[in-house]
Amino acid sequence: MPHSIGVDLGTTSVAVAIGDDLGTRAAQLSPLLVEPSVAFCSADGTILTGQAALDAADGDGDPTRLVRGFKRRLGDPTPIIVGGVGFAPEALMAAQLRDVVARITELQGEAPERVVLTCPAAWGPYRREQFARIADLSGVTIDEIVTEPVATATSVSRERPLEDGAIVAVFDLGGRTFDATVLRMGADGLEVLGSARRVVITKDNTTIVDGAG
């Protein structure tokens, strides 16, 4: 059946929504629906993602080659060093996108007709430019990139239509981040009025503010 997908490459997990003639629903990437946002960089340069990455790290592989939280490094010119080799964050995210699209193609029996990616509303032009590189690196054709709060509000508005001028707030309680965005419904659709900078909770429970640039 022809279908489209929306992909959220999150900081701690990857989620996919499938849209077809049956409606819109979450893709079953794992028993918990979502897939862990991790990458395993093998010695030969192969990048595994999700559960395959965890399995490689837990098996005969080197657990120090397992990378987490690389989405937060997007836009940082300093590469992520794994086994003495540098990896760009966008390269790891591209591997995630490649793998998840391949997984959905297997589950659905055919490739998606459209692929939409989401990104944080607080990201500035530089990070969005780096994020857009994921399409070329993954070999996946991206039809559109929308902000996460716009995607959320758009989904909700299909069940509860928003009047012109309606103001909505979207709060994103992520695994290690919190985002708050205010949007307004206009003649051309939803527009972002403002978005708080991302609050990041580190492993030692330190709270920092992630720049929006």
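The values are calculated or read from the model by the stated rules, or taken from the named source; none is laboratory data. As the structure is a computational prediction, the values presented were derived from the model and not from experiment. Counting neighbours? That spans all protein chains shown, and the Cβs are built from the backbone with ideal geometry, glycine included. The accessibility values were calculated without ligands, DNA or RNA, using every heavy atom of the protein model including side chains. Shrake-Rupley method; radii C 1.70, N 1.55, O 1.52, S 1.80 Å.
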Worksheet item: Do you know which of the residues in the stretch 1-24 that are touching a helix residue (DSSP H, G or I) at 6+ places or on another chain (Cβ under 8 Å) and assigned to a loop (DSSP other than H, G, I, E, B) is surrounded by the fewest Cβ atoms within 10 Å (Cβ to Cβ)?
Response: 1
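Based on what the data block shows, is residue 89 of a type outside the set (Gly, Ala, Ser) and touching a residue at least 12 places away in the same chain (Cβ under 8 Å)?
Numbers: of a type outside the set (Gly, Ala, Ser): yes; touching a residue at least 12 places away in the same chain (Cβ under 8 Å): yes.
So residue 89 fits the description; yes.
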Fill in: Residue satisfying condition, being within 18 Å of residue 3 (Cβ to Cβ), aliphatic (A, V, I, L, M) and in a loop (DSSP other than H, G, I, E, B), within set 102, 111, 121
111
Worksheet item: If you go through the stretch 203-213 one residue at a time, do you hit one that is surrounded by 14 or more Cβ atoms within 10 Å (Cβ to Cβ) and at pLDDT below 70?
Response: yes
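Per-residue answers, yes or no, for (1) in contact with a Ser or Thr (Cβ under 8 Å, 6 or more places away or on another chain); (2) modelled with pLDDT of 95 or more; (3) open to solvent by less than 30 Å² (accessible area, probe 1.4 Å); (4) among the hydrophobic types (A, V, I, L, M, F, W, C):
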| position | (1), (2), (3), (4) |
| --- | --- |
| 73 | no, no, no, no |
| 83 | yes, no, no, no |
| 89 | no, yes, yes, no |
| 149 | yes, no, yes, no |
| 159 | no, no, no, no |
Item to complete: Sort out which residues of the stretch 56-71 are assigned to a loop (DSSP other than H, G, I, E, B) and either modelled with pLDDT of 95 or more or exposed (fewer than 14 other Cβ atoms within 10 Å of the Cβ) (or both), and write them in order of number.
Response: 59, 60
Discussion item. Out of everything in the stretch 25-44 that is open to solvent by 40 Å² or more (accessible area, probe 1.4 Å) and among the small types (Gly, Ala, Ser), what residue ends up being nearest to residue 94 (Cα to Cα)?
Written reply: 43
